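The values are calculated or read from the model by the stated rules, or taken from the named source; none is laboratory data. Predicted model, so just to flag it, every value in this text is computed and none were measured. Cβ placement follows ideal geometry from the backbone for every residue including glycine, while neighbour counts extend to all protein chains displayed. Areas reflect the complete protein model, heavy atoms only, side chains present, ligands, DNA and RNA absent. Shrake-Rupley method; radii C 1.70, N 1.55, O 1.52, S 1.80 Å.
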Amino acid sequence: MLGIINATNEFDSFKNLTAHRSLASLPFAGRYRLVDFMLSNMVNSGITNVAIFTGKEVRSLIDHLGSGKQWDLDRKRDGLFVFSPEGTSRIERFGSFAHFANNITYFLRSKQKYVVITNCNTIGTIDFCKILDHHMETEADITEVFHNGQSLQTYILDKNLLLSLFEQYKNQGYYTIFDVVHDKRHKFKINMYEWAGYITIIDSLQSYYQNSLDLLQPTVWKQVFTKNEPIFTKVKDEPPTQYKNAAKVTNSMIANGCIIQGEVENSILFRSVKVGKGAVIRNSIIMQKCQIGENCILDGVILDKDVKIDNGVQLAGTRETPYLVEKGTVQKGR
């Protein structure tokens, strides 16, 4: 199979969390980015030719992906390819078919017979080989993957069929594969495949927050991070976290390089976070290199990267409406 990851999705519901980065490069689970999950699923399924089609704000994504070495995709043949938009109109830049068609040479040069197309914001483990087997057994034209009756916007089809759709998308009004599947005029045989494992889609600030904290449940964690199907990501060499004498940490996920002197409960801390004496962090997501001052109280909070919280500051949100602090800002006490 040829692997295609559509990283052009944009959601206003993320507010400022995606103002300076693409959705694909949004940090998740302490040390990963959203794109890592579908990219790793492809690699674990034996796919060695993967293309990521991006929208705007791609700098952080390009930096994260590099040459594809972490996913064993830095190859002389096949490997990892990233295609950024070149057009000026919104349709040409962010429409999947238009975006794909602008890079048709990539598809023509690839040797794979089938294509799997998915998005960058699905979390979970999927074996694309099983879906391909079912696709061939049913002799379907397009197989659409579902989970609990909800479309995962994941499709498998013959590459030649995809190429023919490139030619039709302007005349037929097809914008994406989704449009083709749900157009009653077509004569394609559409197969629906229900994937039974744990899957969730991150499409809003609320879903990002809730699904992040769900990972603190062992039953969820074990379904996302399995021994035989690892999730790969960019590796950063940092020292272990330091837990000082007054530190108290319960039911939390702590990445490398942190220094903790306060209390952390039911929270996720990314790399190199500093928590001051007497500080209390509950039900929160704290991204890379944030600094939490002494005697602070944070509950239901998302701190983007490089945020500094002065001593004594109190911030609170809810599970439905988490309190978001923008990247690089300073929260001063009164």
With θ set to phi - 60°, apply the Karplus curve 6.51 cos²θ - 1.76 cosθ + 1.60 along segment 289-297 and write out the HN-Hα couplings as whole Hz, x wherever there is a Gly or Pro.
-> 6, 6, 10, 9, x, 6, 6, 7, 10
FRET efficiency for Gln168 and Asn228, Cβ-Cβ distance as r, R0 = 41 Å, nearest 0.05?
-> 0.55
Within segment 1-76, DSSP-loop trypsin sites (Lys or Arg not before Pro) with at most 14 other C-beta atoms within 10 Å are Lys56, Arg75, Lys76
For the chain, give the magnitude of the charge dipole about the Cα centre (Cβ charges: +1 Lys/Arg, -1 Asp/Glu; no others), in debye to the nearest 20.
-> 820
Counting only DSSP beta bridges fully inside segment 1-151, the antiparallel percentage to nearest 5 is 20
By per-residue mean of other Cβ atoms within 10 Å, what is the highest-first order of 220-231, 204-215?
-> 204-215, 220-231
Distance check, please: which entries in Lys130/Lys227; Lys234/Lys327; Lys69/Lys248; Lys15/Lys236; Lys113/Lys222; Lys69/Lys244 exceed 26 angstrom between their Cα atoms?
-> Lys69/Lys248; Lys15/Lys236; Lys113/Lys222; Lys69/Lys244
Just the accessible area per residue of the chain, please: how many Å² with a 1.4 Å probe?
-> 47
Distance between segment 35-49 and segment 182-252 - C-alpha centres, whole angstrom | 15
Per the helix-only model, the chain has a calculated mean residue ellipticity at 222 nm (DSSP H runs of ≥4, -39500 (n - 2.57) each, divided over all residues, rounded to the nearest 500) of -6500 deg cm²/dmol
Amide H of Ile259: which non-local residues (sequence gap of 5 or more, or other chain) have their own amide H closer than 5 Å, using H built in the peptide plane?
-> Gln242, Val273, Lys274, Val275
Accessible surface of the chain, 1.4 Å probe, proportion on carbon and sulfur as whole % | 46
Could you work out how far apart the two model spin labels at Lys277 and Glu238 are, taking each label as a point 7 Å from the Cα in the direction of the beta carbon, and quote it in nm?
-> 2.4
Taking 0.36 nm per residue of separation between Glu139 and Ile190 and subtracting their Cα-Cα distance, the length gained on full extension comes to 17.4 nm
In whole Hz, what ³J(HN,Hα) sequence does segment 35-42 give by Karplus (6.51, -1.76, 1.60; θ = phi - 60°), x for Gly and Pro?
-> 5, 4, 6, 5, 5, 5, 4, 5
Sorted peptide list for 174-183, 266-275, criterion being average Cβ within 10 angstrom, highest first | 266-275, 174-183
Taking amide hydrogens as modeled 1.01 Å from N in the peptide plane, which residues meet the under 5 Å criterion relative to Thr154, leaving out close sequence neighbours?
-> Val145
